[in-house]
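Below is one structure, written out as structure tokens; comments come after it.
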Amino acid sequence: MSSTHVSTETRMFGDLSATLIQESRRASSTNTLPKYNQPLIHAITREIQFLDNALDPLVASAERVLTPGELCAVTIYSTSLTHNRRSLVAYHYHRLNMLKSMYWASGCALPLVLNASHIRPNLSPAEVDFLREYDDVVKQFRDEFKEISGGDDLGELASVDVTSDILTPPKDLHVLVRVVRPCGAVATELGTIEFRMGERYLVRKIDVEHLIIQGYLDIV
Amino acid sequence: MDWEEEERQDTLVPELIRHWTNERLAPDILDQRGELLQKVLDRIREQADLVQQLRADPDISEDEHFQIILVQTEVERIRFIVRSYIRSRIHKIEKYAHYILEDQDMQRRLSAMELNHAQSYAALIDRQLDVSVLNAMPGWIRREGPNWQGPSTISRPNKDTSIFVHALQDCAHVLLPDGRPVDIKKGSINLLRYSTIENNLRRGEVELV
């Protein structure tokens, strides 16, 4: 009596993509960026290559009418292939958007994002490049807008920096802050103030906004 | 400040706030308000100038000291609105960057700076996707061509989003999605699809709330 080994593992074309998209969904719902899944992406790319090679002979023979079986195969292969492509693009695009959010949330402080221990190790080299190039694009827009909005000698008070905080409308000009991380000397409207650890200072909000966002100062 | 300036003051900031609210709530990118923005930026410069003058004066009264704080606070708040307005547009521009580059109507609504940004951003995204994904793909699925199968990869604004609309004037003969025309009364607030009142919004007959 012959025994047939039944594999408990069945895989369809597109299964790998489904796993990849699951990762994206989980990343969104937990608001954390997981490690760039290089192995899975490679596997999906190989699957795409396989499907393309399987399609080649069928598509080349467009001269003759394909049998129903061949038509079925073409449909399955091409649908799986385009699905895989969409999934790969969606995964990367989704990560880029997450990185953008983190970048803006940090107050457009590129070093802050690039050096964060929960971000940097999870990025692909291309994503690091993206952050740098996106930073350039944003800074260019910011500088152009600053120029058209600023007065020549009025500088800070008149010009509009589009990368500044847009979450809370300003109610008070000044804010009482406590130094939680050493940030050295800071230029304010009253001159340069040496911010000492643990001390409290009443300063203009716009002078120290970036320090608050980056965590050097706490609002009291 | 003479009475003419005071009159101007009455409409400039409320108008800015109205356009800011509209821009934040609308799913599509609205017409650029270059003139309004310029007036607002000029106003900010004027106020900053005023503060500078008051500050330079060594013997200022208590009233004037208070005035400095008031003016500065107002400037801060207006700057906040301008920032938020610009960022809201930038967010949508980046979201629909590729669509903008192929739709002339959209392009007309953007300032030169914003259009520039759309181009830079679209190119940046293209480069990223090419390097990480598309260069390893078979040639025929790299770019969306004329024979593309399946849904388009270029996202466009969804004009069927529902928004709350407050009518600033009577609007006659507004066409609902099923073709029926309705007259919207001034002062009423309705929940409608953006596409229904798109033109009314553009003409300033309604505002989004």
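The values are calculated or read from the model by the stated rules, or taken from the named source; none is laboratory data. A quick note: this is a predicted structure, and the numbers were derived from the prediction, not measured. Note that we place each Cβ from the backbone using ideal geometry, even for glycine, and neighbour counts take in every protein chain shown. These area figures cover heavy atoms from the full protein model, side chains too; ligands, DNA and RNA do not enter into them. Shrake-Rupley method; radii C 1.70, N 1.55, O 1.52, S 1.80 Å.
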Can you list the HN-Hα couplings for the stretch B:166-176, worked out from phi with the Karplus curve (6.51, -1.76, 1.60; θ = phi - 60°), rounded to whole Hz and with x for Gly and Pro? 10, 7, 8, 9, 5, 10, 8, 6, 8, 8, 6
How much net charge surrounds A:D143 when only the other residues with a Cβ under 13 Å from the Cβ of A:D143 are counted, with Lys and Arg +1 and Asp and Glu -1? -2
Name the residues whose placed amide hydrogens come within less than 5 Å of the amide hydrogen of A:H174, ignoring near sequence neighbours (fewer than 5 apart) on the same chain. A:K205
Taking a crude spin-label model, label points 7 Å out from Cα along the C-beta direction, the A:E189 to A:E147 distance in nm is 2.8 nm
Name the long-range amide H neighbours of B:Q169: under 5 Å, sequence gap of 5 or more, or other chain; modelled H, no Pro or chain starts. B:G187
In whole percent, how big is the carbon plus sulfur part of the accessible area of chain A, probe 1.4 Å, protein atoms only? 56 percent
Applying the Karplus parametrisation 6.51 cos²θ - 1.76 cosθ + 1.60 with θ = phi - 60° to the phi angles of the stretch A:178-195, what ³J(HN,Hα) value in whole Hz is obtained for each residue in order, glycine and proline being reported as x? 10, 7, 10, 9, x, 10, x, 8, 10, 7, 10, 5, 8, x, 8, 10, 8, 7
Between the DSSP loop rule and a limit of at most 12 other Cβ atoms within 10 Å, which trypsin sites (Lys or Arg not before Pro) in the stretch A:94-182 are left? A:K171
Mind checking how much accessible area B and A bury in total, 1.4 Å probe, in Å² rounded to 100? 4700 Å²
Taking only DSSP H segments of four or more residues, each worth -39500 (n - 2.57), what value at 222 nm results for chain A once the sum is divided by all its residues, to the nearest 500 deg cm²/dmol? -18500 deg cm²/dmol
For the Cα atoms of chain B, what angle does the longest principal axis make with the long axis of helix B:112-132, in degrees from 0 to 90, nearest 10? 40 degrees
Cut-off under 17 Å on the C-alpha distance; same-chain residues fewer than 8 positions from B:K39 excluded. Which lysines are left, in chain and number order? A:K146
Over chain A, what is the relative contact order in whole percent, taking alpha-carbon pairs under 8 Å and six or more residues apart? 15 percent
In whole Hz, what ³J(HN,Hα) sequence does the stretch A:117-130 give by Karplus (6.51, -1.76, 1.60; θ = phi - 60°), x for Gly and Pro? 6, 9, 10, 3, x, 8, 9, 7, x, 4, 5, 4, 4, 4
How well do other chains shield peptide B:77-85, expressed as the mean number of their Cβ atoms within 10 Å of each residue Cβ? 5
Estimated inter-spin distance, A:A105 and B:T21, nm [label 7 Å along Cα→Cβ]: 2.9 nm
Are there any trypsin sites (Lys or Arg not before Pro) in the stretch B:124-209 that are in a DSSP loop and have at most 12 other Cβ atoms within 10 Å? List them by number. B:R143, B:K185, B:K186, B:R203
